[in-house]
Amino acid sequence: MSRILVVDDNAVNLDLMLYLLRAFGHEADGHADGLAGLHAALRGDFALVLTDILMPGIDGYEFARRFKRESHLSAVPLVAVTALAMSGDRERITEAGFDGYITKPIEPRTFVAQVEAFLGRDGP
Amino acid sequence: MDPSQTLGEVAFSLADLAGTRFPLLEYAPDATILVDAEGKIRLVNAQTERLFGYYREELIGRPIEMLIPARYRGRHVGERKGYYGDPHVRPMGIGMELNGLRKNGSEFPVEISLSPVSTREGTFVSASVRDSTERKTLERQLRELNAALEGANRAKDSFLASMSHELRTPLNAIIGFTGTLLMQLPGPLTAEQERQLEIVQSSARHLLSLINDILDLAKIESGKVELTFEPISAKDVVDAVSSSLAALAAEKQLEFTTHVTVDGEITTDRRALTQILLNLTNNALKYTECGSVRIDVRATSYNEKPAVAFSVSDTGIGIKPDDQERLFKAFEQLDRSNTRRYEGTGLGLYLCRNLAQLLGGELMVTSEFGKGSTFTFTLPRAR
């Protein structure tokens with residue numbers, strides 16, 4: 001199955017996403033630090049990258065800016081998983097270059113399907 | 001002398017106008033100064049003495065420029081001559097910013113209105129001078145107040161945004177891990193574990209809807225709801241509401257039907273309309289133990305314009321007449337003892353009525369206690 005990178009500064013939420021993805025047979029790595037997550041993402045061995053937006057250090061917007069300027073990663077979908085769920089947030093996040101937007105709290109039953117849709121659309 | 005005569009009728013000499021012989025001028029609330037073609041002061045009233053701190057004997061025959069600060073004088077002479085060439089009435093608040101100069105050397109901001117005055121001695125310019133210190137101060141205070149209010153509004157918006165984010169973050173873990181347990185991903189559950197976890201899950205969802213309702217409300221109240229008016233089909237909205245609540249109706253073994261008898265489109269905000277109908281229908285299902293819930297959509301008129309009435313009727317507990325208005329207030333669930341049985345935020349109807357008004361419609365209730373209720377949302381077809 002595909003390798004998925006998950007970046008979230010909240011250890012519990014990171015744990016939840018990794019647990020769910022692995023329970024459904026995906027190979028998933030996690031980082032609680034935005035910069036470490038970005039470095040991992042830039043190495044390029046992931047089929048999909050999920051990241052939180054509000055993080056200390058490098059936030060999701062900066063993450064997207066630096067991720068999206070790498071041409072060798074143009075086929076890798078970048079999806080925001082964020083508790084920023086007020087009106088206008090989706091637009092801001094899409095404008096920042098994200099390919100997808102999932103709001104927290106995630107619904108465990110649908111989260112995996114949402115993520116798999118991104119893999120199916122753009123990935124192997 | 002007849003005081004009913006106006007100054008413009010060439011009736012007066014300067015002497016007629018001076019002092020208490022012409023009280024209208026002498027006691028005018030503004031300082032009034034008559035100036036001749038050479039710029040010399042020919043007549044002043046009592047308020048001029050008070051405002052500038054001179055006795056009138058010290059002013060008469062002197063250049064008007066003595067009453068303005070030195071830095072303005074050169075320019076003022078030019079302007080004064082220009083005005084004499086083309087005398088006309090110039091009201092207060094127009095023209096350059098100018099300061100007055102008191103005898104003691106202090107300055108103050110002034111507003112000046114000018115008008116030509118004909119007398120037997122010729123045409124003079126009458127300048128009415130008003131101390132605008134107070135107005136300027138008020139204006140500045142108003143600007144500061146406005147800036148403070150804008151700041152407070154921004155602070156409120158950013159507070160709402162952080163609230164939303166901060167409350168959702170822990171809920172993500174609660175709803176998420178309850179979900180993984182209920183999906184039995186870590187291992188099988190006993191029936192009792194499952195029952196208790198379902199309580200955790202529904203409480204967490206309740207908390208989430210409470211947070212959403214409160215934030216929606218805050219947005220409505222600060223005028224921040226973004227509505228998109230577009231042509232939509234009433235039937236589509238009703239179908240969506242019906243399919244998302246069919247499971248709840250089935251669970252309670254209630255007959256749940258929809259009857260749409262309008263054609264064509266309505267111009268409104270789909271999200272707000274859906275939210276209203278979802279809320280009303282969800283309430284109907286919640287407060288009905290047996291019988292039926294039905295949604296009717298029919299053509300009607302509202303304020304003499306074509307409209308559509310969405311009615312949600314139930315055979316539930318009903319509402320006493322006295323309680324029917326109280327129903328639409330925030331955090332009013334009619335019977336406090338019911339709150340545990342009927343889980344809700346207590347904000348739903350309040351929100352619905354606010355949204356209904358934003359859409360230009362109205363939300364009403366008719367009910368018979370013990371027999372059921374009908375909530376009707378009347379929505380104009382066009383915006």
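Data overview
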item: Karplus (6.51, -1.76, 1.60) ³J(HN,Hα), θ = phi - 60°, over segment B:266-283, in Hz, Gly and Pro reported as x; result: 10, 9, 7, 8, 4, 5, 5, 4, 4, 4, 5, 5, 4, 4, 5, 6, 4, 4
item: Cβ neighbours within 10 Å from other chains - mean over B:152-163; result: 1
item: Segment B:249-256 - phi-based ³J(HN,Hα) in whole Hz, Karplus 6.51/-1.76/1.60, Gly and Pro as x; result: 5, 5, 4, 8, 6, 9, 6, 10
item: Assigned charges on the beta-carbon of Lys, Arg, Asp, Glu; segment B:227-383 dipole about Cα centre (debye); result: 240
item: 3J(HN,Hα) from dihedral phi, segment B:102-112, Karplus parametrisation 6.51/-1.76/1.60, rounded to Hz, x for glycine, proline; result: 7, 4, 7, x, 7, 10, 8, x, 10, 10, 10
item: Nonlocal amide H pairs with B:V260, under 5 Å, H built at 1.01 Å; result: B:V297
item: Projected label distance in nm at B:R154 and B:H88, using a 7 Å step from Cα toward the beta-carbon; result: 4.3
item: 25 °C / 0.890 mPa s Stokes-Einstein diffusion coefficient of chain B, Kirkwood radius on C-alpha pairs, µm²/s; result: 88
item: Peptide-level mean, for B:173-183, of C-beta atoms on other protein chains within 10 Å; result: 6
item: Label point distance in nm, B:K224-B:L210, each placed 7 Å from Cα along Cα→Cβ; result: 2.1
item: B:V293 long-range amide H proximity, modeled H, under 5 Å; result: B:E255, B:F256, B:T257
item: Evaluated at q = 0.15, 0.20 Å⁻¹: base-10 log I(q)/I(0), Debye formula over Cα of segment A:3-117; result: -0.57, -1.07
item: Furthest towards positive pole of dipole, B:T169, B:L101, B:G291, structure part chain B, Cβ charges; result: B:L101
item: Burial ordering of B:H206, B:H88, A:H26, fewest other beta-carbon atoms within 10 Å first; result: B:H88, B:H206, A:H26
item: Sum of -39500 (n - 2.57) over DSSP H runs of 4+, divided by residues of chain B (222 nm, nearest 500); result: -14000 deg cm²/dmol
item: Positive dipole terminus of segment A:1-120, leading residue within A:V76, A:M55, A:L20 (C-beta point charges); result: A:V76
item: Total formal charge among the other residues, if their Cβ is under 10 angstrom from that of B:P63, Lys/Arg +1 and Asp/Glu -1; result: +2
item: Per-pair calculated FRET efficiency, R0 = 41 Å: B:L142 and B:S242 via Cβ, rounded to 0.05; result: 0.20
item: Cα→Cβ-extended label distance, 7 Å offset, between B:E251 and A:D33, nm; result: 4.5
item: 46 Å tail of the calculated P(r), the protein assembly as shown, as % of Cα pairs; result: 45
item: Where only alpha carbons of segment A:50-124 are counted, the Rg and the Dmax (Å); result: 12.3, 34
item: Simple Cβ-charge dipole of the protein assembly as shown, Lys/Arg +1 and Asp/Glu -1, about Cα centre, in debye nearest 20; result: 900
item: Order of A:F63, A:F98 - criterion: other Cβ atoms within 10 Å of each residue's Cβ, fewest first; result: A:F98, A:F63
item: Lys, Arg +1 and Asp, Glu -1 on Cβ, resulting dipole of segment B:132-224 about Cα centre, debye, nearest 20; result: 420
item: Shielding of A:12-19 by partner chains, average beta-carbon count, 10 Å; result: 4
item: Amide H partners (placed H, <5 Å) of A:H31, local residues excluded; result: A:V6, A:V7, A:D8
item: Distance histogram for segment B:132-224 (every C-alpha pair counted, 5 angstrom bins, percent rounded to whole numbers); result: 3, 11, 14, 13, 10, 9, 8, 7, 6, 5, 3, 3, 2, 2, 1, 1, 0
item: Nearest-0.05 FRET efficiency for A:R109 and B:R383, computed from C-beta distance (R0 35 Å); result: 0.35
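Taken together, the values in this text are just the output of simple stated rules run on the coordinates, not laboratory data. This one's a predicted model, so the numbers in the text were calculated from it and none came from an experiment. Quick reminder, even Gly has a Cβ in these numbers, built from the backbone with ideal geometry, and neighbours come from all protein chains shown.
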